Every structure is written in C-alpha cells, then in structure tokens.
Amino acid sequence: DATSTWRDMLRLLRRPLCAAASPCTHEGTPSTRTLVAFKHDAIQRRLLGELLGRFERKGLKLVGMRMRTPSRALAEEHYEDHRGKPFFERACVHLCSGPVVATVWEGRHAVAAARSLCGATEPTEAIPGTIRADYCVHWRRNLVHSSDSDATAQREISLWFGDGELEPWDEAAAGFYYELPTSK
C-alpha cells in the first residue's frame, strides 16, 4: 500500500549510502575516484557547465572542485609520465596558460567512466557523443584531462588537492544509479 511504500522510501533516505567508511558497491566493486581537469580552453569557450553536467548525468559524484592556474612545477609533475616525449613541453605550456578547473569524481569504475565520457585524445578518432568528438578539432586543444588508471588518479588527486580538501557526502539517489547491497 502507499503507506508502506513511503515508509520504505524514508528508510532508504535515512540510511547512509555512500559514507567514506562504507563506499557504494555494485556486485562487490567498491566506488573509486578519478581526477578530471577541465583545461583553460574549456573555460574560455564557456563549456564548463555543459561538461560538468555530463559527469553528473553519468551518475558520478563530485567530491572535489577547485579553479587555479597551474604553476610550471605542477604541470611537470602532472605530466611526469610523458617526460621525454615530443609533446611534453607543449602540454606543460598549455596547462599553465590559464585557469583549470580540477575536479574529483567518485563512482563505480570512475576512471573508466570518466574516460568514456571524454573520448579519444585525437578528436577525429573520438566516438560521437563524447566530449572530444562533440567539441574538439585538435588533439592539443581537447578541453579535458582524465586520469588513465586508479594509480594515476591517486597520484594526480594528491597533486591538485591537499589533505581534507575533498568532501565525501552521502548521496541520497545512489540507489537509483547503483544496485547497492541494501537495495531491494
């Protein structure tokens, strides 16, 4: 009946779903985090709201966000894995040349989910519907960076965010995105 349905809904809303000590899981897969940095070309083109919305609609949970113009030292640390490659210098210069909005997203397979939203680095190879396919024409002006592995995500998050700067929160709608162990 309607009364028991409302009672069940209230019970679900009162229960902590994604507390830091008890991350959301789906079939035993814990929630993970990834860094997504919206580069200054995304800011200049006024695409930030649209791009953030794509990650929210995917079901990822925003737990950190900050805007800053990276120092050269931060850019070099960020792109450390690419040191010695022909594009390293240009990547560092581009990252330092304006404000970047660094974000941390949490969810099931967060790294893979974010990378699927971003699309291939080369926009002409990106699948239609991805950020880079929809908005980019040049691989160096590709609007966004996303971590390529869980280990890289942890390293990059620690570069962009200090201790206590992420904000874990209980997501009341988590059961609508994930099959939780407590779901009926």
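The values are calculated or read from the model by the stated rules, or taken from the named source; none is laboratory data. As the structure is a prediction and not an experimental result, all values here were calculated from the model. Here the Cβ positions follow ideal geometry from the backbone for every residue, glycine too, while neighbour counts run over all protein chains shown. The protein model used for the area step is the full one, side chains on, heavy atoms only, and it has no ligands, DNA or RNA in it. Shrake-Rupley method; radii C 1.70, N 1.55, O 1.52, S 1.80 Å.
Ignoring ligands and nucleic acids, what accessible area does Glu80 show with a 1.4 Å probe (Å², nearest 10)?
For Glu80, the solvent-accessible surface is approximately 80 Å².
At 1.4 Å probe size, put Ser149, Ser71 in order of accessible surface, largest to smallest.
Putting Ser149, Ser71 in descending order of accessible area: Ser71, Ser149.
List, in order, the whole-Hz ³J(HN,Hα) value for each residue of region 137-148 obtained from phi through the Karplus relation with A = 6.51, B = -1.76, C = 1.60 and θ = phi - 60°; use x for Gly and Pro.
10, 10, 5, 8, 10, 9, 6, 8, 10, 9, 4, 9
When only alpha-carbon atoms count, how far does region 122-167 stretch along each of its three principal axes, as whole angstroms with the largest first?
Computed over region 122-167, the largest-to-smallest principal extents equal 38, 19, 17 Å.
Kindly report, to the nearest 10 Å², the accessible surface of Trp169 as traced by a 1.4 Å probe over protein heavy atoms only.
Surface open to solvent at Trp169 totals about 110 Å².
When the Kirkwood radius is taken over all Cα pairs of region 88-130, what Stokes-Einstein diffusion coefficient follows at 37 °C and 0.692 mPa s, in µm²/s?
262 µm²/s
Mind listing the phi-derived Karplus ³J(HN,Hα) values for region 103-119, rounded to whole Hz, using 6.51, -1.76 and 1.60 with θ = phi - 60°, and x for any glycine or proline?
Once θ is set to phi - 60°, the couplings for region 103-119 become 10, 10, 10, 10, x, 5, 6, 4, 4, 5, 5, 5, 5, 5, 5, 6, x Hz.
Once you list every other residue whose beta carbon is under 13 Å from the beta carbon of Val63, what net charge do they have if Lys and Arg are +1 and Asp and Glu are -1?
-3
Tally Lys/Arg at +1 and Asp/Glu at -1 over every other residue whose Cβ is under 15 Å from the Cβ of Leu52; what's the total?
Counting the neighbours of Leu52, the net charge comes to +4.
Measure off, as a whole percent, the carbon and sulfur share of the 1.4 Å-probe accessible area of region 89-184, all protein chains present.
In region 89-184, the share of accessible area belonging to carbon and sulfur is 54 percent.
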